[in-house]
Amino acid sequence: MKLKQLATQSNLELAWRRITTGGNHQYKRYFRPLYVAYEVALDANLADLRKRLEGGSFTPRQPERVYRNTSRYPVLTAA
């Protein structure tokens with residue numbers, strides 16, 4: 001499936017709801033100010049994101065993981 005087919009408004013809304021209601025509390029605590037700022041104009045931001053995805057300005061990257069010295073598990077995983 002192509003990115004253009006995945007980047008529908010309904011899929012982006014679903015992805016946003018899953019991000020904001022997911023259980024990774026450490027990750028969400030780190031990015032909470034960004035979530036709040038993005039949510040203020042959510043429809044416009046998702047429309048802009050969709051336009052950028054369809055326009056080809058998005059380049060996928062490998063995820064980045066941050067570990068604490070005392071943990072074997074990632075504290076933060078971001079793409």
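The values are calculated or read from the model by the stated rules, or taken from the named source; none is laboratory data. Model, not experiment: these values are computed from the prediction. All Cβ positions, even for glycine, are placed from backbone atoms using ideal geometry, and neighbour counts span all protein chains on display.
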Can we say Lys51 is modelled with pLDDT under 85, surrounded by 10 or more Cβ atoms within 10 Å (Cβ to Cβ) and of a type outside the set (S, T, N, Q)?
no
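What's the total number of residues in the range 18-29 that are over 10 Å from the mean Cα position of the chain (by Cα) and under 23 Å from Phe58 (Cα atoms)? If you could, list the steps in order and put the result at the bottom.
Taking the range 18-29 as the starting set, the residues that turn out to be over 10 Å from the mean Cα position of the chain (by Cα) are 21-29.
Then keep just the ones that are under 23 Å from Phe58 (Cα atoms); that gives 27-28.
Qualifying residue count, the range 18-29: 2.
For the subset of the range 1-16 comprising residues that are of a type outside the set (Ser, Thr, Tyr) and in a loop (DSSP other than H, G, I, E, B), which member is nearest to Val40 (Cα to Cα)? Let's see the steps before the verdict.
Within the range 1-16, the subset of a type outside the set (Ser, Thr, Tyr) is 1-7, 9, 11-16.
Adding the requirement that they be in a loop (DSSP other than H, G, I, E, B) leaves 1-2, 7.
Numbers: Met1: 31, Lys2: 29, Ala7: 21 Å.
Across the range 1-16, the extreme among qualifying residues is Ala7.
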